[in-house]
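No value in this document is a laboratory result; all are computed from the given coordinates. On a predicted model such as this, the values are computed, not experimentally measured, just so you know. Here Cβ is always computed from backbone atoms with ideal geometry, including for glycine, and neighbour counts include all displayed protein chains.
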Ligand SMILES: Nc1ncnc2c1ncn2[C@@H]1O[C@H](COP(=O)(O)OP(=O)(O)O)[C@@H](O)[C@H]1O
Ligand SMILES: [Mg+2]
């Protein structure tokens, strides 16, 4: 498969009143054309900042400092001209967010916005053709009575329908890459499942690559072929979905798995959350950022960040205790505390 997106040693630091904070601390990953990659991590892991860097939507220096490489089809987006970026954004790369109102204009009819989206990227397109294509797209994303909806304003749509409008708008120009940043987080469970189904169908139909970003590992489980687990601005584990769910090899991944809501379990046993909270970015410990919350942590973990361990061609992990973790997973004891495992 051809590589569409390649991120190399990406770092993002912000200048704040309390000094510099490093939000993204050396991320690497690749996304093949047509592939769905899940990017997972608790809130504050640097998922959104990574993607804003990719779209060049961060505040300009000195407020933010971005280093590394973001190669999209061979072009380094960090060095691209304003013109190239304008063509790529909303064209070859599209982005949808948790809140559709960040992309929709509340004062313009939905149809007008869709037509504009087409004409910005293809000024020669006739209004009539743009209208027909926009309408067809609204129908494709499952909006009933599309012709009537075309004339309505964003606030006249429910949350789920508004998310569909944004998806329609973003797909109009046939992107090769769709970045979906928590697209279903604000929606209730039923609507969430419908939107994910829609994205899955559209992906199969159009062969676009999707980067699906979420704090909920359950959301990517049925969607992504690969999963990247991020914590405190770093990659903890990356793997094919199958290997990740069969043999999770980072204690943080295991914690995220145990936090997936389980409607099948009785109320009291359902919700696990990883004890503790992510480190402050301006006071990140020198070693593995997860060490203070990790039941497998040893002295070394607090002193030095672990190197990458390759477990297979499609599975890598950054953990000093990886052998212990995998042994515990194999023994079905990964969810226990260190004391419980020792017994
Ligand atoms: N403009 C900014 N200035 C300073 N800090 C920021 C800015 N944007 C994001 N951050 C910080 O970067 C960290 C990562 O944020 P984010 O990428 O939004 O996390 P996620 O999307 O994984 O929840 C957070 O601690 C956030 O407070
Ligand atoms: Mg985010």
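General observations
- Scattering profile of segment 143-285 at q = 0.10, 0.13, 0.15 Å⁻¹ [log10 I(q)/I(0), Debye over alpha-carbon scatterers]: -0.45, -0.72, -0.91
- Rounded to the nearest 5, the antiparallel percentage of DSSP beta bridges internal to segment 153-237 is 40%.
- Residue 20/residue 299 FRET efficiency (R0 25 Å; Cβ-Cβ; nearest 0.05): 0.35
- Taking every Cα-Cα distance in segment 237-343 and sorting them into 5 Å bins starting at zero, the pair-distance distribution P(r) comes out as 2, 11, 20, 23, 21, 13, 6, 2, 0 percent.
- Each DSSP beta bridge with both residues in the chain is either parallel or antiparallel, and the antiparallel ones are about 60%.
- Largest first, the three principal axis extents of the alpha carbons in segment 55-158 are 47, 30, 22 Å in whole numbers.
- The relative contact order of the chain comes to 19 percent, based on Cα pairs under 8 Å that sit 6 or more residues apart.
- Per residue of the chain, the DSSP helices (runs of n ≥ 4 H) give a summed -39500 (n - 2.57) that works out to -9500 deg cm²/dmol at 222 nm.
- Approximate spin-label separation residue 215-residue 122, in nm, with each point projected 7 Å along Cα-to-Cβ: 3.9 nm
- The value of relative contact order for segment 103-172, using C-alpha pairs under 8 Å at least six residues apart, is 46 percent.
- Here the ratio of the Cα radius of gyration of the chain to 2.2 N^0.38 Å is 1.05.
- Between residue 193 and residue 338, the contour length at 0.36 nm per residue exceeds the Cα-Cα span by 48.5 nm.
- As a length-normalised measure over Cα pairs under 8 Å and 6 or more apart, the relative contact order of segment 209-313 settles at 18 percent.
- Prolate/oblate/rounded label for segment 77-220 (Cα gyration tensor, a/c 1.5): oblate
- Over 19 Å [Cα-Cα, segment 103-172], rounded percent: 21 percent
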